[in-house]
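S.K.: One structure is given below, represented as structure tokens, and several questions about it will come after.
The values are calculated or read from the model by the stated rules, or taken from the named source; none is laboratory data. The shown structure was predicted, so the numbers you read here are calculated from the model rather than taken from an experiment. Ideal geometry is used to build each Cβ from the backbone, glycine not excepted, and the neighbour counts take in all protein chains shown.
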Amino acid sequence: MKVLLVDDEAEFINTLAERLQLRGFQVLTSTDGEAALQAVEEDGPQVVLLDVMMPGLGGLEVLQRIKGKHPSIQVILLTGRGSTREGIEGMRQGAFDFLMKPIKIEELMEKMKAAYEVFQKGATEPEVKPL
Amino acid sequence: MTDQEIAFMGKMTAGMTHEIKNVLATIKESSGLMQDFLKLRQDASFPYGEKFAQILAGIQGQVARGVEISTRLNRFAHSMDEPVITLDLNEIIDQVVFLNQRQARLKQTELRGIPSGEGLRIETDPFRLQLVLAAAIYYLLDRSSPKDLIILRPRKTEPGAAVDIQITAAAETAKSIEAPRPDLPPELVEFQNILDQLQAQIRPAQVGGKEGLILVLNKTR
């Protein structure tokens, strides 16, 4: 599984990337929304872990752009708020699920695997295009 | 404080709690990565392996504690976003009890919220409500003895809701507060203006020879 981690906290995602690599994941990282969109186009991740609050292009904006162009890519949001409000709003906008920061690696892996299964299902279904 | 000043304070605090969480998240992943490497080297000769594992578990425990505190502080900060919202009284009491545990601990007293079995939705100012609940807690903490238990118990009334706040010996079960006196204790008079804004009253009442207070809220939704 190829996953893209997006968060402006570079030390956080680099460490998390290393932990996921140790567990067999293929991991890409981006520290801002623009770079994340570029990585989606160039490297084709199947699952994206996306921080909601980032400088510049925010997480929800990045989510909309990813889902608008690549609906089969599954996005898990990462929120630092004390409430679930942002995560639920993100799911309404097409996110697969959300996690609160800091994360539990086991929980993240479970959600990523579930997201990957949905990706695989979506990727095999032909896209319906308007006539 | 004006609503604008309260909202500003909330915004600043919320922003800082986000930053604290980012710091904690990085510490958590860094110590987690060290644990991963330690597991990979389990069979290798590393004389301090066990000690390292213990220390890393301690770091993870402190991170979890820090996360809980910053999450609660974040929630408190966001309670300043809007001057009036519809909230669950059980939830706000749980929050106030958590945020004031340290004050209780310093007095060697236990603080506990007893949620009502039914949802108690009220429309009020969440920041000022927490302020008067905390003021009531401090009033009773000043009158408590070590090993006492201070209980906050919300209940529905007609037409609103009330919170019974009482000192009880830790082993006793909370008793209903009856026959409250109408006068606000002199130590709480400074909060009269805030109580007026909340359309609320605080009434003193004795239970089993110990001090108690009732916060009466007149608006519900």
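S.K.: Return a yes/no flag: does region B:13-23 have any residue that is more than 27 Å from A:THR31 (Cβ to Cβ) and within 35 Å of the chain's Cα centre (by Cα).
M.R.: no
S.K.: Working carefully through the options A:GLU110, A:GLU9, A:GLU42, A:GLU18, find the one that is modelled with pLDDT of 95 or more and within 10 Å of another protein chain (Cβ to nearest Cβ).
M.R.: Step by step, each of A:GLU110, A:GLU9, A:GLU42, A:GLU18 is checked, and only A:GLU18 is modelled with pLDDT of 95 or more and within 10 Å of another protein chain (Cβ to nearest Cβ).
S.K.: With the condition kept exactly as written, say whether any residue in region B:61-74 is in contact with a helix residue (DSSP H, G or I) (Cβ under 9 Å, 6 or more places away or on another chain) and outside any helix (DSSP H, G or I).
M.R.: No.
S.K.: Can you tell which of B:GLU158, B:GLU118, B:GLU110, B:GLU187 is modelled with pLDDT under 90 and under 30 Å from B:ILE6 (Cα atoms)?
M.R.: B:GLU187
S.K.: Hey, another quick one. Which residue pairs have Cβ atoms closer than 7 Å, lie 6 or more positions apart in sequence or on different chains, and pair a first residue in region B:190-215 that is within 15 Å of B:ALA136 (Cα to Cα) and touching a residue at least 60 places away in the same chain (Cβ under 8 Å) with a second residue that is assigned to a strand (DSSP E or B) and acidic (Asp, Glu)?
M.R.: Within 7 Å, the pairs are B:GLY212/B:ASP164.
S.K.: Also, quick follow-up: Among the candidates B:GLU29, B:GLU68, B:GLU50, single out the residue that is over 21 Å from the mean Cα position of the chain (by Cα) and either over 16 Å from A:ILE103 (Cβ atoms) or surrounded by fewer than 15 Cβ atoms within 10 Å (Cβ to Cβ) (or both).
M.R.: Selected residue: B:GLU50, the only one of B:GLU29, B:GLU68, B:GLU50 that is over 21 Å from the mean Cα position of the chain (by Cα) and either over 16 Å from A:ILE103 (Cβ atoms) or surrounded by fewer than 15 Cβ atoms within 10 Å (Cβ to Cβ) (or both).
S.K.: When both residues are 6+ apart or on different chains and their Cβ atoms are under 8 Å apart, which pairs have a first residue that lies in region B:12-23 and is more than 9 Å from every other protein chain (Cβ to nearest Cβ) and among the polar types (S, T, N, Q), and a second that is surrounded by 18 or more Cβ atoms within 10 Å (Cβ to Cβ) and not in a helix (DSSP H, G or I)?
M.R.: As it stands, the answer is B:THR13/B:MET80, since those pairs meet every condition given.
To keep it simple, each residue is scored yes or no on (1) free of Cβ contacts under 8 Å to residues at least 12 places away in the same chain; (2) of a type outside the set (S, T, N, Q); (3) surrounded by fewer than 16 Cβ atoms within 10 Å (Cβ to Cβ).
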position: B:LEU73; (1), (2), (3): no, yes, no
position: B:ALA77; (1), (2), (3): no, yes, no
position: B:MET80; (1), (2), (3): no, yes, no
position: B:SER116; (1), (2), (3): no, no, no
position: B:GLY119; (1), (2), (3): no, yes, yes
position: B:ASP125; (1), (2), (3): no, yes, no
position: B:LEU140; (1), (2), (3): no, yes, no
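S.K.: Test A:MET91 against the stated conditions and say whether it is touching a residue at least 40 places away in the same chain (Cβ under 8 Å) and more than 18 Å from B:VAL67 (Cα to Cα).
M.R.: In short, no.
S.K.: Name every residue in region A:95-107 that is surrounded by fewer than 16 Cβ atoms within 10 Å (Cβ to Cβ) and either more than 11 Å from chain B (Cβ to nearest Cβ) or of a type in the set (Ser, Thr, Tyr) (or both), in order of residue number.
M.R.: A:GLU107 - this is the single residue of region A:95-107 that is surrounded by fewer than 16 Cβ atoms within 10 Å (Cβ to Cβ) and either more than 11 Å from chain B (Cβ to nearest Cβ) or of a type in the set (Ser, Thr, Tyr) (or both).
S.K.: Here is a further query. Does B:GLU29 fit the bill of being more than 8 Å from every other protein chain (Cβ to nearest Cβ) and part of a helix (DSSP H, G or I)?
M.R.: So B:GLU29 does not fit the description; no.
S.K.: Also, I was wondering about something else. Take the conditions closer than 18 Å to A:ILE13 by Cβ and not hydroxyl-bearing (Ser, Thr, Tyr) and apply them to B:GLU19. Does it pass?
M.R.: yes
S.K.: While we're looking at this one, here's another question. Is it true that some residue in region B:87-96 is within 14 Å of chain A (Cβ to nearest Cβ), in contact (Cβ under 8 Å) with a residue 60 or more places away in the chain, assigned to a helix (DSSP H, G or I) and crowded, with 16+ Cβ neighbours inside 10 Å?
M.R.: no
S.K.: Continuing with the same structure: Taking into account only those residues within region A:21-32 that are in contact (Cβ under 8 Å) with a residue 24 or more places away in the chain and surrounded by fewer than 23 Cβ atoms within 10 Å (Cβ to Cβ), which is nearest to the other protein chains (Cβ to nearest Cβ)?
M.R.: A:ARG23
S.K.: Hey, which of the strands (runs of 3 or more DSSP E) in region B:119-169, taking only ones fully inside, have at least 1 residues that are under 20 Å from B:VAL207 (Cα atoms)?
M.R.: Here the list reads B:148-156, B:161-169.
S.K.: Those residues that are part of a loop (DSSP other than H, G, I, E, B) and loosely packed, with under 14 Cβ neighbours inside 10 Å, I need them from region B:97-114; list them, please.
M.R.: Scanning region B:97-114 gives a single hit, B:GLN108.
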